[in-house]
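J.: Attaching a single structure in structure tokens format; questions to follow.
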Amino acid sequence: MKAFPACRNLLAAAVLAVLVGLSLTPIAHAQATYPGQYVEVNCPTATSGASVAFTNATPTVGTWASPPWSGSSVATWTCPVTITANPPTGLSSSTNYWIVPISVSAGTFNIATSAANALAGTFVATTGASTTANLTSTLALTTAAGLPVAGVSLQPGDWDCMGSVFYVPATSTSVTNLQQGISQTATTIGALGTYTDIETAANVFTGTNDPVFVTPYVRQALSAATPVYDVALATFTVAALTATGHVHCRKNPLQG
């Protein structure tokens, strides 16, 4: 009969060991994998930055004081920018680029020639520096061509993602079709149910009536780390149309 206290002691020791082991699980690992996790990327409306600095380096590092973008720290994400003046050697004006923040608080970032390259870590090198580059936080669209206004690399799991696209037409831009969707391909609108579609007779948006449209929620069942994009595809004529966006994803708390 005296064996029972010993058994109880062994059981208590085993439970304590399990609890200690759980307490030693790295916090960062838990943040990167827990069901119900929420990942958000905010690529801002048109914001201009003067005197943005770029280093002469491989890859170059940009610094934008008080950058306009924001996003979750547990995921790699990207937002579009366009250089409007004074680029360093290796970058060009009037060209779409995508940034990946190094430190949002410090305003530092790397820059890539595509959203796919940005999320893959393939960044641009420069052979000269600039401390007076001008940037704008929008993406110049080409008619009938899909481009990502935001992107995020998600870890394995079952996710629900949705996004929004903020369009900024010039005063004479005539629009006939706007599509916006969640896709794993950076320049392609996906299948029916993954996008919204606005079709109209040729329409010139007036004044400050810059349209914003949202995507559906789209399930992403991922077995490996995968890029997911908020893609805009517009059909327009006469003048320019730029865009930026937002995407958020939530890991399914029931399926993990």
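What follows is calculated from the coordinates using simple rules that are stated; it is not laboratory data. Just so we're clear, the structure is a prediction, and the values are computed from it rather than from any experiment. Cβ sites come from the backbone with ideal geometry, for glycine too, and all protein chains shown count toward neighbours.
J.: Quick one: Cα centre-to-centre distance for segment 143-192 and segment 54-82, in angstrom?
T.: Each part's Cα centre sits 20 Å from the other's.
J.: Before rounding to the nearest 500, sum -39500 (n - 2.57) across all DSSP H runs of length at least 4 in the chain and divide by the residue total; then give [θ] at 222 nm in deg cm²/dmol.
T.: Calculated from helices alone, the mean residue ellipticity at 222 nm is -4000 deg cm²/dmol.
J.: Mind listing the phi-derived Karplus ³J(HN,Hα) values for segment 179-186, rounded to whole Hz, using 6.51, -1.76 and 1.60 with θ = phi - 60°, and x for any glycine or proline?
T.: Working through the residues one at a time gives 10, 8, x, 8, 8, 8, 10, 5 Hz.
J.: Helix 3-23 versus the longest principal axis of the chain: what angle, 0 to 90°, nearest 10, using Cα atoms?
T.: Rounded to the nearest ten degrees, it is 10.
J.: Moving on to the next point. Under 5 Å between amide hydrogens, which residues at least 5 positions from PHE205 or on another chain qualify, with H placed 1.01 Å from N in the peptide plane?
T.: Counting only residues 5 or more places away or on other chains, the set is VAL175.
J.: Let me ask something else about it. Give me Rg/Rg_expected for the chain, where Rg uses Cα atoms only and Rg_expected = 2.2 N^0.38 Å with N residues.
T.: 1.26
J.: Tabulate in residue order the Karplus-calculated ³J(HN,Hα) for segment 72-78, using 6.51 cos²θ - 1.76 cosθ + 1.60 with θ = phi - 60°, rounded to whole Hz; enter x for Gly and Pro.
T.: After applying 6.51 cos²θ - 1.76 cosθ + 1.60, I find 5, 7, 8, 9, 7, 9, 9 Hz.
J.: Short version: ³J(HN,Hα) in whole Hz for each residue of segment 237-242, in order, from phi by Karplus 6.51 cos²θ - 1.76 cosθ + 1.60 (θ = phi - 60°), x for Gly and Pro, what are they?
T.: Taking θ as phi minus 60°, the curve returns 9, 6, 9, 7, 9, 10 Hz for segment 237-242.
J.: Would you kindly work out the equivalent ellipsoid of segment 173-256 from its C-alpha gyration tensor and give its semi-axes, the square roots of five times the eigenvalues, largest first in whole Å?
T.: Taking √(5λ) for each eigenvalue gives 30, 12, 11 Å, largest first.
J.: Could you compute how fast segment 46-136 diffuses translationally, taking Rh as the Kirkwood radius over C-alpha pairs and applying Stokes-Einstein at 25 °C with viscosity 0.890 mPa s? Give it in µm² per second.
T.: It comes out at roughly 193 µm²/s.
J.: I would also like to ask the following. How large is the charge dipole for the chain, taken about the Cα centre, if only the Cβ atoms of Lys, Arg (+1) and Asp, Glu (-1) carry charge, to the nearest 20 debye?
T.: It works out to roughly 840 debye.
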